[in-house]
Amino acid sequence: MRDHSKVSPQFWTGRTGRQIRRAGDDALLTALYLLTCPSANMIGLYYLPLPTLCHETGRSLQGARKALQSLSEAEFAQYDEATEYVWVVKMAQFQIGEVLKPGDKRHSAVVRLLEEAKHSPFALRFHDSYAKAYGLPEMPLHAPSEGPPEPLRSQEQEQENRAGAG
């Protein structure tokens, strides 16, 4: 969880902010929530189950979906319900800046956050948008020598049970 985040005054007066306001209160509240919620991070690419958004904003599932659609149309944020990932498209630009200078300590944090979200449908688009400005390594971000991830204990037990039953 972040201790602080920036919400630019342009949120209210810029083209995107005006478009979000025209979409209604649900879209406006959802946009502010996406910028400031406990799951949010400085790159704006994070896991956010829709029920969590609904619970914490007091919006209905239908209201949240409609708000997210409005935010997508305003090019503010994208949401993938299948993976439950959200991408606030310009969040990194506003939270970090246009460019990360060599040696900036935030570089490793950006790489780590992108690595955590590498299975989201937005990871490659984020990478394409910020790779040059932030000096990001090529995708995939994990080392090829890592091999497949270790199965969870429950998966190992399930595989053993299936093998014993067969």
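The values are calculated or read from the model by the stated rules, or taken from the named source; none is laboratory data. These numbers were taken from a predicted model, which means no experiment stands behind them. Heads up, the Cβs are rebuilt from the backbone with ideal geometry, glycines too, and the neighbour counts pull from every protein chain shown. We work out accessible area using only protein heavy atoms, side chains counted, and drop any ligands, DNA or RNA first. Shrake-Rupley method; radii C 1.70, N 1.55, O 1.52, S 1.80 Å.
Just a few scattered comments:
- For Ser39, solvent-accessible area (1.4 Å; no DNA, RNA or ligand), Å²: 50 Å²
- In sequence order, calculated HN-Hα J values of region 96-108 (Karplus, 6.51, -1.76, 1.60; Hz; x Gly/Pro): 9, x, 5, 9, 9, 6, x, x, 4, 5, 6, 4, 5
- Computed across region 7-66, the Kirkwood radius stands at 12.1 Å (inverse of mean 1/r, all Cα pairs).
- Label-point separation, Lys132 to Leu50 (7 Å along Cα→Cβ), nm: 3.7 nm
- As an equivalent ellipsoid, region 1-103 spans semi-axes of 22, 17, 12 angstrom, where each value is the square root of five times an eigenvalue of the C-alpha gyration tensor, largest first.
- Highest-first packing order for the peptide set 122-129, 18-25 is 122-129, 18-25, based on the mean count of other beta carbon atoms within 10 Å.
- Protein heavy-atom accessible surface, 1.4 Å probe, per residue over region 11-146: 54 Å².
- Inter-part distance, region 92-125 to region 72-91, computed on C-alpha centroids, equals 16 Å.
- Residues whose amide H comes within less than 5 Å of that of Tyr85, counting only those at least five positions distant or on another chain, are Leu48, Asp80 (H built at 1.01 Å from N in the peptide plane).
- For GluC sites (Glu not before Pro), the sites in region 1-97 that DSSP calls loop and that have at most 16 other Cβ atoms within 10 Å are Glu75, Glu81, Glu84.
- For region 51-88, the set of trypsin sites (Lys or Arg not before Pro) satisfying both a DSSP loop assignment and a count of at most 10 other C-beta atoms within 10 Å is empty.
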